[in-house]
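Trainee: Just dropping this structure here.
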Amino acid sequence: MLIGVNVPNFGPGTSPAVLRDWARTVEGLGFDLLMVSDHVVVTPDVAQQYPAPFYDPFTTLAWLAGVTERITLGTTVLIAPYRHPLLVARMAANLAELSGGRFVLGVGVGWARQEFDALGVDFRRRGKLTDELITTVREAWCDEGYRAGDIPIWVGGDSDAGLRRAARLGDAWHPLRQTPDGWRESLARLRKIVAEEDRRLPELAPRILLRLTDQPLGDRKLGEGTLEQVVGDLERLRADGAKAVVLDPFIGDPEETRRPEAAWHALAAVRKELR
């Protein structure tokens, strides 16, 4: 099972130097994946959770490809309706080539209504636009002019529509920040959908929170609690067949981005236990 990290590419403490330090720290600790998030317009609904500066994922990952050697880079998740599918196909193909094949394209439908309005995109059509993007991107990559190679597409979402999208169009299902019960319930629904539609089960690649506590937690999300609880979550996800798990050390306060060392210590503790 691959273990990755969602690196904050936003917030008051984020800068090119900090992003470089994140990349070198995550790769140096031996993690397999380095992934970043996506927003185009920092509208008030976005800024409340992910304030400026917000670094574009393709630009950021292209730069980080030059300061890393081994780690796979990816998006968690690119908001599919925000960009023309052929532009995404080109940028993803170029990034995969420039990084030596170290790229995963994670996509999702998005949630920020004000950002959709600012971009002139119909929020009600975001699911259909996401389906169209995935289909068009795959078709474009069949053209030798894109030189895309084999780029995995991870599909986010745990609604019924999201699960069907992952089953029909994705190489992997990439749900975000679920509880233990939510994961089991969503996975059961995904297995049912796959059986009903006579499709193969996509690979499982959840993104989970990483928040270490001194005392065990009861009501919690995956990746939240004592080190023993977090490692137990990872072992259960492995037993469920997860191909990859992405740890998200951003707890929710933008001021955390000024103090990345706290997240690095938590990641180092988890990495040590997994060894």
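Trainee: Do you know which of the residues in segment 165-202 that are small (Gly, Ala, Ser) and out of contact with any Gly (no Cβ under 8 Å at 6 or more places or on another chain) is surrounded by the most Cβ atoms within 10 Å (Cβ to Cβ)? Don't jump to the end; show me each part of the working.
Mentor: Filtering segment 165-202 for residues small (Gly, Ala, Ser) gives 166-167, 170, 172, 182, 186, 188, 195.
Filter once more, keeping what is out of contact with any Gly (no Cβ under 8 Å at 6 or more places or on another chain): 167, 170, 172, 182, 186, 188, 195.
Numbers: ALA167: 21, GLY170: 23, ALA172: 20, GLY182: 14, SER186: 21, ALA188: 10, ALA195: 11.
Restricting to residues being small (Gly, Ala, Ser) and out of contact with any Gly (no Cβ under 8 Å at 6 or more places or on another chain), the top hit is GLY170.
Trainee: Go through segment 43-52 and give me each residue that's more than 26 Å from ARG24 (Cα to Cα) and either hydroxyl-bearing (Ser, Thr, Tyr) or in contact with a helix residue (DSSP H, G or I) (Cβ under 8 Å, 6 or more places away or on another chain) (or both).
Mentor: Just the residues of segment 43-52 that are more than 26 Å from ARG24 (Cα to Cα), to begin with: 43-48.
Those that are more than 26 Å from ARG24 (Cα to Cα) and either hydroxyl-bearing (Ser, Thr, Tyr) or in contact with a helix residue (DSSP H, G or I) (Cβ under 8 Å, 6 or more places away or on another chain) (or both): THR43, PRO44, ASP45, VAL46.
Trainee: Hey, any hits in segment 175-185 for a residue that's under 26 Å from ASP38 (Cα atoms) and assigned to a strand (DSSP E or B)?
Mentor: Applying the first criterion (under 26 Å from ASP38 (Cα atoms)) to segment 175-185 yields 175-180, 182-183.
If we keep only those that are assigned to a strand (DSSP E or B) as well, we get 176.
Looking through segment 175-185, at least one residue is under 26 Å from ASP38 (Cα atoms) and assigned to a strand (DSSP E or B).
Trainee: Which residue pairs have Cβ atoms closer than 6 Å, lie 6 or more positions apart in sequence or on different chains, and pair a first residue in segment 92-120 that is closer than 15 Å to VAL41 by Cα with a second residue that is in a loop (DSSP other than H, G, I, E, B)?
Mentor: Filtered contacts from segment 92-120: GLN114/THR43; GLU115/VAL41; GLU115/THR43; ALA118/VAL41; ALA118/THR43.
Trainee: Quick check on my filter: what residues within segment 13-32 are surrounded by 18 or more Cβ atoms within 10 Å (Cβ to Cβ) and part of a loop (DSSP other than H, G, I, E, B)? Before the answer, list the steps.
Mentor: Let us first name the residues in segment 13-32 that are surrounded by 18 or more Cβ atoms within 10 Å (Cβ to Cβ), namely 14, 19, 22-23, 25-27, 31.
Selection gives THR14, PHE31.
Trainee: Here is a list: PRO57, PRO44. Which entry is farther than 25 Å from ASP150 by Cα, of a type outside the set (S, T, N, Q) and touching a residue at least 40 places away in the same chain (Cβ under 8 Å)? Give the steps one after another, and end with the answer.
Mentor: Values: PRO57 fails: farther than 25 Å from ASP150 by Cα.
Within the list PRO57, PRO44, the selection yields PRO44.
Trainee: Could you list, ordered by first residue, the pairs with Cβ atoms under 9 Å in which the first is in segment 243-265 and over 30 Å from LEU187 (Cβ atoms) and the second is charged (D, E, K, R) and modelled with pLDDT of 95 or more, at least 6 apart or interchain?
Mentor: Qualifying pairs under 9 Å: PRO260/ASP21; ALA262/GLU256; TRP264/ASP21.
Trainee: Which members of segment 239-256 meet the condition of being within 18 Å of the chain's Cα centre (by Cα) and either aliphatic (A, V, I, L, M) or in a helix (DSSP H, G or I) (or both)?
Mentor: Result: ALA242, ALA244, VAL245, VAL246, LEU247, ILE251.
Trainee: Follow-up question, since we're still on this one. Given the criterion basic (Lys, Arg), surrounded by fewer than 19 Cβ atoms within 10 Å (Cβ to Cβ) and not in a loop (DSSP other than H, G, I, E, B), identify the matching residue among ARG236, ARG220. Let's see the steps before the verdict.
Mentor: Numbers: ARG220 fails: not in a loop (DSSP other than H, G, I, E, B).
The match here is ARG236.
Trainee: Turning to a different aspect of this structure: If you check THR179 against the conditions, is it of a type in the set (S, T, N, Q) and touching a residue at least 40 places away in the same chain (Cβ under 8 Å)? Lay out the reasoning, then the answer.
Mentor: Working: of a type in the set (S, T, N, Q): yes; touching a residue at least 40 places away in the same chain (Cβ under 8 Å): yes.
The answer is yes for THR179.
Trainee: Is there any pair linking a residue in segment 144-157 that is of a type in the set (A, V, I, L, M) to one that is part of a loop (DSSP other than H, G, I, E, B), with Cβ under 8 Å and at least six apart or on different chains, and which?
Mentor: ILE153/GLY170; ILE153/ASP171; VAL155/GLY170; VAL155/HIS174; VAL155/PRO202
Trainee: Within segment 1-12, can you find the residues that are touching a helix residue (DSSP H, G or I) at 6+ places or on another chain (Cβ under 8 Å) and either closer than 19 Å to LEU210 by Cα or open to solvent by less than 10 Å² (accessible area, probe 1.4 Å) (or both)?
Mentor: So in segment 1-12, the residues touching a helix residue (DSSP H, G or I) at 6+ places or on another chain (Cβ under 8 Å) come out as 1, 3, 5, 7-12.
Once the filter is applied, which keeps residues that are touching a helix residue (DSSP H, G or I) at 6+ places or on another chain (Cβ under 8 Å) and either closer than 19 Å to LEU210 by Cα or open to solvent by less than 10 Å² (accessible area, probe 1.4 Å) (or both), segment 1-12 yields MET1, ILE3, VAL5, VAL7, PRO8, ASN9, PHE10, GLY11.
Trainee: Hey, ASP38 hits all of (1) under 28 Å from ALA140 (Cα atoms); (2) open to solvent by 40 Å² or more (accessible area, probe 1.4 Å) but one; which does it fall short on?
Mentor: (2)
Trainee: Which of the residues belonging to segment 95-126 are open to solvent by less than 50 Å² (accessible area, probe 1.4 Å), outside any loop (DSSP other than H, G, I, E, B) and closer than 24 Å to ASN6 by Cα? Give the steps one after another, and end with the answer.
Mentor: Of segment 95-126, the ones open to solvent by less than 50 Å² (accessible area, probe 1.4 Å) are 95-96, 99, 102-110, 112, 115-116, 121, 123.
The next check asks that each one be outside any loop (DSSP other than H, G, I, E, B); those that pass are 95-96, 103-108, 115-116, 123.
Correct list: LEU95, ALA96, PHE103, VAL104, LEU105, GLY106, VAL107, GLY108, GLU115, PHE116.
The values are calculated or read from the model by the stated rules, or taken from the named source; none is laboratory data. Owing to the predicted nature of the structure, the values given are computational and were not obtained by experimental measurement. We place every Cβ from the backbone using ideal geometry, glycine too, and count neighbours over all the protein chains shown. Side chains included, ligands, DNA and RNA excluded: accessible areas come from the protein's heavy atoms. Shrake-Rupley method; radii C 1.70, N 1.55, O 1.52, S 1.80 Å.
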